[in-house]
Structures are given as structure tokens and as C-alpha cells.
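Let me begin by presenting the structure, written as C-alpha cells, before commenting on it.
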Amino acid sequence: MSPRAWYHTIDLPGGRTTPGWFDTRSSPAKVPWPAHLGRCLDVGTFDGFWAFEMERRGATEVVAIDLDDPFQLDWPYDLRLSGPAQIAEWGSGRGPGFAEAAAALSSDVKRRSRSVYDLDPDADGRFDTVLCGALLLHLRDPVLGLERMRSVCTGSLVLVESVDPRLELVARRCPSAQFHPEPDEWWRVNSAGLIKLVESAGFRVAQVSERFLVPHGPGAAPDHRLSSLAGVLAGRPGRRGLLTRALRAEPRPARG
């Protein structure tokens, strides 16, 4: 296994495991999957954990998209040059990890370098299941991203997205978001805010999971993995892991 910064923790043949920053291996059991996966799209695939999971679950076809060019990512204004340089320094570019994992798994997933903002049913076709894992917080315009997902979704949208612990506590019933422009994120939302984002993009939410924690994986720095749950509840979700909700939604006709 080549040295690089992995995002996903993925079990590979021969007892190997990629040293991911996050360990999502227990997350699929929390996801409200549709009864039929059909043709699937994994949006923001990175190392491909969710694409390979849908393939393993019997999807008829899986297409995975992400951006190979780090300059095309949604950087804050002051990081448009230093951000891509930092990705190169860390060895955390999109693509190489996916290719290595796909080869090891003998996967048939089709990966394309494509922005969620560019999804188009005429160019990409339509999908029975569109899955998006931990991407919305990284988008400058998450509503537009969701609208583009809706344009290619004929069955179910499956979201696995982090929620902000502090907003969960202080504004539980009020759809809320904190504007938080950092190198790798723009927004922090609570569960009510996540549902409202999805509804505003033309979906009807059918099912929402319980809250669960996505822990840091073997590739995370020790100081991130060893802090207490109290730190998470105090509003520092990155210390032990990410407080997460998964939901399933369906496209709905425009109102009015």
C-alpha cells in the first residue's frame, strides 16, 4: 500500500486496511437504505468507501464523482492558492486512493472527475440512488449542490452528513446553520437545518437515522482520537469524530 493521506478507512483483501482519517466502516448499518439500489451515484467519493459499499450491496451500476483538480474545490478567497498546495504537500489528492482501492477490490465502479455543480441528466443520465457522504459542509452552495443531485435522481437521495453538536443542543427544533469558512468547510448545520436544506432543493425526507458518531480512523493524529465525548458536546466535533445523521429522501414535484 503506497504512502499517502487516506480519507476513508477501507478493508481490503488479505487483511489490509487503509489508514483513513475517518472510519466509516460501522456507518452503513445506520443508513436508511432504499429497498432497491439500482443504478447508483456516489457524490464526492474521495477514496470510494460509499461507492464500494453500494457495489457490495448489489447495485446494478455505480458511478462515483469527485474533483481531481484541487484548484476547482470550493476554497475561501484567501486560500485559493495555498489550499491546493497544501493538498499536494499532504498527499491527500482525490483519485489515487480510489484507484488503489478499486484495483485491490476488483471493483467495476466507474469514477469520473466531475463537480456536483455540473451534474446534468443529459450528460450523466439518471440514477435510482444518489448518495452523498460528508460533502455538504464543504460546499459553498450546498443548496445548489443538492438541486443538481435532484436533477439526476429518480428514486432516493441518501445523505450521510455531519451535524454540529452545539447547534443540536441550543437550537434543536430550529433549522440552523453556522457560517464557518475554514480551509475544508463552509457550513455547520443541525439536524433540523439539514432536513430543511434537503427540502429546499426539491426532496421529501422519508426517513432519518438516529445520531451516531463517525470516529477518527487509524490515520488520524492521536490527539484527535483520544479526546472525550464531552469535547464533542462542547462544540468541538472534530476531536473524537463527527456527530452524524443519515437520511433518505425522494424527489418531489415543485410546489405551487
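Every read-out reported here was derived from the displayed coordinates using simple, explicitly stated rules and does not represent laboratory data. The structure presented is a predicted model; accordingly, all values stated were derived computationally and were not measured. In this analysis, Cβ positions are derived from the backbone assuming ideal geometry, glycine residues included, and neighbour counts consider all displayed protein chains.
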Worksheet item: Counting only residues 5 or more places away or on other chains, whose amide H sits under 5 Å from the amide H of PHE127 once H atoms are built in the peptide plane?
Response: CYS153, THR154
Worksheet item: Taking the Cα atoms of the stretch 48-126 alone, what are Rg (to one decimal) and Dmax (as a whole number) in Å?
Response: 14.5, 43
Item to complete: Determine the calculated [θ] at 222 nm for the chain from helices alone, applying -39500 (n - 2.57) to every DSSP H run no shorter than 4 residues and normalising by the residue count; nearest 500 deg cm²/dmol.
Response: -7000 deg cm²/dmol
Response to the item:
One computes Rg over Rh for the stretch 1-146 from alpha-carbon atoms, with the Kirkwood Rh, and obtains 0.95
Worksheet entry | Relative frequency of Cα-Cα separations exceeding 30 Å in the chain, percent | 23
Item to complete: Determine, for each peptide in 103-110, 26-33, 242-249, the mean count of other beta carbons within 10 angstrom over its residues, then list the peptides with the highest first.
Response: 242-249, 26-33, 103-110
Fill in: Of PRO19, PHE46, PHE71, farthest towards positive along the dipole that unit charges on Lys, Arg, Asp, Glu beta carbons give the stretch 6-251
PRO19
Fill in: Bridge type composition, the stretch 6-251 - antiparallel percent by DSSP, nearest 5
50
Discussion item. Going by average Cβ density within 10 Å per residue, which order do the peptides 76-89, 55-68, 156-169, 177-190 take, highest to lowest?
Written reply: 156-169, 55-68, 177-190, 76-89
Worksheet item: Remind me, what semi-axes does the stretch 147-206 give for its equivalent ellipsoid, largest first in whole Å, using sqrt of 5 times each Cα gyration tensor eigenvalue?
Response: 22, 15, 9
Response to the item:
One finds the C-alpha centres of the stretch 114-152 and the stretch 1-43 to be spaced, in Å, by 19
